[in-house]
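Before any comments, here is the structure.
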Amino acid sequence: MTDAARIADPTTLEIAFPVLETERLVLRGPRPEDWEAHAAFATSDRARFVGGPWSRREAWRGFAARWGHWAMRGFGMFTVTRRGSDAAIGTIGPHFPEGWAEPEIGWILYGGAEGQGLAREAALACRDHAYRVLGWTTAISYIHPDNARSRALAGRLGCEIDPAVPHPFDEPCLVYRHPGPEAVR
């Protein structure tokens, strides 16, 4: 399969996913072969800060929704891979699902990829893409208050808590505001 998602239907839907590259990473669109890495994360206790863990069936819906978001919004979460390997190590990027107060830069790294600065590297590339290519003027990140690693990453990205922004979740959530495009260029 190419970098375009194909759906078996009388009409063909193709999504031309952009590819972002950093010093150590390649951020690309989702592919079917990313499913097992996503399922391992989504069905584990590690997913507790993003609404999980889920059953495989529920995880499938979330995984498939990534394509739908790209198709409906023209942007979405990227699959993160290391240069030289096409194995998914996470999903990071701009998204704006129904019910969100504002566009978000979200991030999830799968097991074994934390603590190496990879999430920061990918999030910076995605934020730059959102500002420069998508024309965003602001971005937020929703973070569970107990997710210390994610909160620390938000701080390293220059984000600050913005209590004025509502969140759509039933559980506690902090909203972090990213610095605007003028502050990061």
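Just so it is clear, none of the values below were taken in a lab; they were calculated from the coordinates. Please read all numbers here as calculations on a predicted model, not as lab measurements. Heads up, the Cβs are rebuilt from the backbone with ideal geometry, glycines too, and the neighbour counts pull from every protein chain shown.
Summary of values
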item	result
Subset of segment 102-140 that is more than 22 Å from Asp34 (Cα to Cα), in contact with a strand residue (DSSP E or B) (Cβ under 9 Å, 6 or more places away or on another chain) and among the aliphatic types (A, V, I, L, M) - its residue that is surrounded by the most Cβ atoms within 10 Å (Cβ to Cβ)	Ala139
Hits in segment 95-111 - residues which are touching a residue at least 60 places away in the same chain (Cβ under 8 Å) and either out of contact with any Phe, Trp or Tyr (no Cβ under 8 Å at 6 or more places or on another chain) or assigned to a loop (DSSP other than H, G, I, E, B) (or both)	Gly99, Trp100, Ala101, Glu102, Ile105, Tyr110, Gly111
Selection status of Trp35, assigned to a loop (DSSP other than H, G, I, E, B) and free of Cβ contacts under 8 Å to residues at least 40 places away in the same chain	no
Residue in segment 172-182 that is in a helix (DSSP H, G or I), surrounded by 15 or more Cβ atoms within 10 Å (Cβ to Cβ) and in contact with a Pro (Cβ under 6 Å, 6 or more places away or on another chain) present	no
Failed criterion for Arg31 (all others in (1) within 17 Å of the chain's Cα centre (by Cα); (2) within 29 Å of Gly180 (Cβ to Cβ) hold)	(2)
Tabulated pairs, segment 112-137, first closer than 17 Å to Cys159 by Cα, second outside any helix (DSSP H, G or I) and of a type in the set (Ser, Thr, Tyr), C-beta under 8 angstrom, 6+ apart or interchain	Glu121/Thr22; Ala122/Thr22; Leu124/Thr22; Ala125/Thr22; Tyr131/Thr137
Scan of segment 115-133 for residues that are within 15 Å of the chain's Cα centre (by Cα) and among the small types (Gly, Ala, Ser), ordered by number	Ala119, Ala122, Ala123, Ala125, Ala130
